[in-house]
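Colleague: The structure is given below, and queries will be raised subsequently.
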């Protein structure tokens, strides 16, 4: 049986401001993934810096932190078989101009600096990011009625 994973997905401030939250959630639901955590959150600077610490040496880092803290974000935890790789495919290339049509970024974003959504890049980072953005008790384990129809 394939391994169930967790991933962290964030609708960035531009996606929230443009009213794209419902469409983004819908794409993950239609794929059959299980939403286990969801909140609207104003990200403090310290959390943004911790989340993106691997990019801290990049010249664009200050602008990235300013952008992520500029408005509310939607924090989501998703679960499913192969959810990390599938989510990355659903999201598309970091540069929306190179993202395939049909992906979130390919359909909804235009510029790398305003690319609508973040997704964990590995199962390990999925766990780390969920722990970073969600407090104890904010993740809900449940069994969707459709579960038997999604996996053998």
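Colleague: Over the Cα atoms of region 1-65, how large are the radius of gyration and the largest Cα-Cα distance (Dmax), in Å?
Modeller: Spelled out, the Cα radius of gyration and Dmax of region 1-65 are 14.7, 43 Å.
Colleague: Run the numbers for residue 136 and residue 30: contour at 0.36 nm per residue of separation, minus the present Cα-Cα distance, in nm.
Modeller: Length gained, residue 136 through residue 30: 35.4 nm.
Colleague: On a full-extension model of 0.36 nm per residue, what is the gain between residue 57 and residue 107, subtracting their alpha-carbon distance, rounded to one decimal in nm?
Modeller: Residue separation times 0.36 nm, minus the Cα-Cα distance, leaves 15.0 nm.
Colleague: Run lengths n ≥ 4 of DSSP H only: what is the helix-derived mean residue ellipticity at 222 nm for the chain, with -39500 (n - 2.57) per run over all residues, to the nearest 500?
Modeller: -10000 deg cm²/dmol
Colleague: Would you mind classifying region 30-107 by shape? Square roots of the alpha carbon gyration tensor eigenvalues, ordered a ≥ b ≥ c; an a/c under 1.5 is rounded, otherwise it is prolate if a/b is larger than b/c and oblate if not.
Modeller: In terms of gyration-tensor shape, oblate.
Colleague: Also, I was wondering about something else. Sorted by packing (mean other beta-carbon atoms within 10 Å per residue), highest first, where do 75-88, 118-131, 135-148 land?
Modeller: Descending mean neighbour count gives 75-88, 118-131, 135-148.
Colleague: What is the packing order of peptides 7-14, 49-56, 36-43, taking the mean over residues of other C-beta atoms within 10 Å and listing the highest first?
Modeller: Descending packing order for the listed peptides: 7-14, 36-43, 49-56.
Colleague: Take the chain, compute every pairwise Cα distance, and split them into 10 Å bins from 0; I just need the percent in each bin.
Modeller: That works out to 11, 41, 37, 9, 1, in percent per bin.
Colleague: Shifting gears a bit: Using R₀ = 41 Å, calculate the FRET efficiency as 1/(1 + (r/R₀)^6) where r is the Cβ-Cβ separation of residue 70 and residue 152; round to 0.05.
Modeller: 0.40
Here, each number is a calculation from the coordinates, and none is a lab measurement. Quick caveat, the model's predicted, so the values are computed rather than measured. Reconstructed Cβ throughout: ideal geometry from the backbone, glycine too, with neighbour counts over all protein chains shown.
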